[in-house]
Amino acid sequence: MKTKIVVTGGTGYIGSHTAVELQNAGYEVIIVDNLSNSNADVIRGIEKITGIRPAFEQVDCRDKEGLTGVFKKYSGIQGIIHFAASKAVGESVQKPLLYYRNNIVSLLNLLELMPEFQVNGIVFSSSCTVYGQPDHLPVDETAPILPASSPYGNTKQIDEEIIRDVIHAGAPYKSIILRYFNPIGAHPSAEIGELPNGIPQNLVPFLTQTAAGIRKELSVFGDDYNTPDGSCIRDYINVVDLAKAHVIAVERMLKRQSETQLEYFNLGTGKGVSVLELIHGFEKATGVKVPHTIVGRREGDIEQIWADPRYANEVLGWKAVETLDDTLRSAWKWQLKLK
Ligand code: NAD
Ligand code: WQD
């Protein structure tokens, strides 16, 4: 019998790519999503890639009764990967209560239900945003957690603390907290990818929409940072590489390969890339020009961050392998499909 994994937020960007990799690895996937930032067509994309249609329940993770129904219907669920959350930094400043309720109540419901249904572990989607602007780069998992600069970032910190406290209190399950750097790109088949809602806030979807002529030009937020070319530096990680790390984390958690109940891993490439390098890299990889102009800094942006992924490399045996060129080409292929 296949091991059953609930993937909350499984029709979303990272969740859908993870559902594919889980199914490829032989897991039975049950997607729980309220479709607040995705649509049910994604299920078809997952099925096209893997030949398997994952189970899908349109349930809101804030709804504890709804979640209970899912655990009853699919008995024997062994693990959860919890992607479901609201993730727009700017919106979280405008609507903090929406973010606190969605991102915290959803986690509380799952953690409360896990012992009742003997679920053995939960993988949690966290973010490099918890490090703020680190003093030392690359940043590893022991770096201090700095005060969050947005309600969104704060929900990730609070969620990490909640998990830490329940594990400390003797919860009968394990947890792995994954801190993603900047996920970009799409499945190479272009059957699934990122579906930005409205005007994209993130660099790569804005860039591909500009390349496609949907947006006039890309604004580069600042070229006066203390970096080699003056633009900000991030660690851009291919979404399929990222998805594969989840499969390894689930396996580690369920097979009890770790000695501790709670572990943290940075998921990044270990390489910092500036905004201007990314734009020029895209132009070179695709042959498509991206009209862009330098504007002022964006409020709240940190100057530079990239991961020290060695702990994940050594302990999980996982490494980001896709090249930036291939990743940018996959983002472009997906954009062309969307168009
Ligand atoms: P996404 O918006 O594409 O996916 C999230 C999914 O969760 C969506 O399908 C949405 O409909 C669903 N959802 C939201 N609230 C829900 C609820 N209450 N009940 C059920 N479903 C709900 O986002 P993503 O980029 O795939 O991000 C997945 C996770 O990774 C999030 O927790 C996010 O905070 C985290 N993360 C994302 C990034 C990034 O840059 N994309 C970086 C670091 C961390
Ligand atoms: C990347 C770089 C911008 C758009 C955010 C969240 C973080 C995490 C990932 C979830 C920055 C520059 C961007 C544009 C630009 N999400 N940029 N023009 O800000 O690193 O991280 O997404 O956890 O929490 O804060 O990603 O893609 O928005 O920006 O110049 O139109 O691109 O200034 O340097 P960011 P991003």
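The values are calculated or read from the model by the stated rules, or taken from the named source; none is laboratory data. Here the structure is a predicted model, which means the values were calculated and not measured. All Cβ positions, even for glycine, are placed from backbone atoms using ideal geometry, and neighbour counts span all protein chains on display. Heavy atoms of the whole protein, side chains included, go into the accessibility calculation; ligands, DNA and RNA do not. Shrake-Rupley method; radii C 1.70, N 1.55, O 1.52, S 1.80 Å.
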### Task
Could you tell me whether the range 289-299 includes any residue that is surrounded by 14 or more Cβ atoms within 10 Å (Cβ to Cβ) and in contact with a helix residue (DSSP H, G or I) (Cβ under 8 Å, 6 or more places away or on another chain)?
yes
### Message
Quick check on the range 10-31: of everything there that is in a loop (DSSP other than H, G, I, E, B) and either open to solvent by 10 Å² or more (accessible area, probe 1.4 Å) or modelled with pLDDT under 95 (or both), which residue is farthest from A88 (Cα to Cα)?
### Response
G26
### Task
Just one of (1) open to solvent by less than 20 Å² (accessible area, probe 1.4 Å); (2) part of a helix (DSSP H, G or I); (3) without any contact (Cβ under 8 Å) to a residue 60 or more places away in the chain trips up G230, so point out which.
(2)
### Task
Using the structure shown, decide if N226 is modelled with pLDDT under 95, away from ligand 2 (no atom under 12 Å from the Cβ), at negative phi and not assigned by TED's automatic domain parsing to the domain that holds I80.
no
### Message
From the list A312, A320, exactly one residue is assigned by TED's automatic domain parsing to the domain that holds R215, closer than 29 Å to L146 by Cα, at pLDDT 95 or above and not in a helix (DSSP H, G or I). Which is it?
### Response
A320
#### Entry: Top-ranked residue in the range 51-70 [being in a helix (DSSP H, G or I) and open to solvent by less than 30 Å² (accessible area, probe 1.4 Å); ranked as farthest from R101 (Cα to Cα)]
V70
### Message
Going by what's in this entry, would I163 be described as more than 12 Å from ligand 1 (Cβ to nearest atom) and either buried (at least 21 other Cβ atoms within 10 Å of the Cβ) or of a type in the set (A, V, I, L, M, F, W, C) (or both)?
### Response
yes
### Unique match (being away from ligand 1 (no atom under 11 Å from the Cβ) and among the aromatic types (F, W, Y)) among Y173, Y152, Y180
Y173
### Which listed residue is under 30 Å from R329 (Cα atoms) and in contact with a Gly (Cβ under 8 Å, 6 or more places away or on another chain), from S127, S219, S149
S127
## Note on the structure
A careful count of residues in the range 215-227 that are in contact with a Ser or Thr (Cβ under 9 Å, 6 or more places away or on another chain), polar (S, T, N, Q) and either open to solvent by 60 Å² or more (accessible area, probe 1.4 Å) or without any contact (Cβ under 8 Å) to a residue 60 or more places away in the chain (or both) gives 0
#### Entry: Residues located in the range 82-130, provided they are in contact (Cβ under 8 Å) with a residue 12 or more places away in the chain, away from ligand 2 (no atom under 13 Å from the Cβ), open to solvent by 30 Å² or more (accessible area, probe 1.4 Å) and assigned to a helix (DSSP H, G or I)
P96, L98, Y100, R101, V105, L108, E112, P115, E116
### Message
Condition first: within 13 Å of ligand 2 (Cβ to nearest atom), assigned to a loop (DSSP other than H, G, I, E, B) and either in contact with a Cys (Cβ under 7 Å, 6 or more places away or on another chain) or assigned by TED's automatic domain parsing to the domain that holds W318 (or both). Can you find one or more residues in the range 204-211 that meet it?
### Response
no
### Task
Sort out which residues of the range 252-274 are under 15 Å from I237 (Cα atoms) and open to solvent by 20 Å² or more (accessible area, probe 1.4 Å), and write them in order of number.
T269, G270, K271, G272
### Query
Take the residues of the range 32-50 that are of a type outside the set (D, E) and within 15 Å of A85 (Cβ to Cβ): which is least open to solvent (accessible area, probe 1.4 Å)?
V32
### Query
Looking at (1) assigned to a loop (DSSP other than H, G, I, E, B); (2) touching a strand residue (DSSP E or B) at 6+ places or on another chain (Cβ under 7 Å), can you tell me which one G193 breaks?
(2)
## Note on the structure
The residue from E194, E217 that alone is modelled with pLDDT of 95 or more, touching a His at 6+ places or on another chain (Cβ under 8 Å) and either farther than 30 Å from G51 by Cα or outside the structural domain of A19 (by TED's automatic domain parsing) (or both) is E217
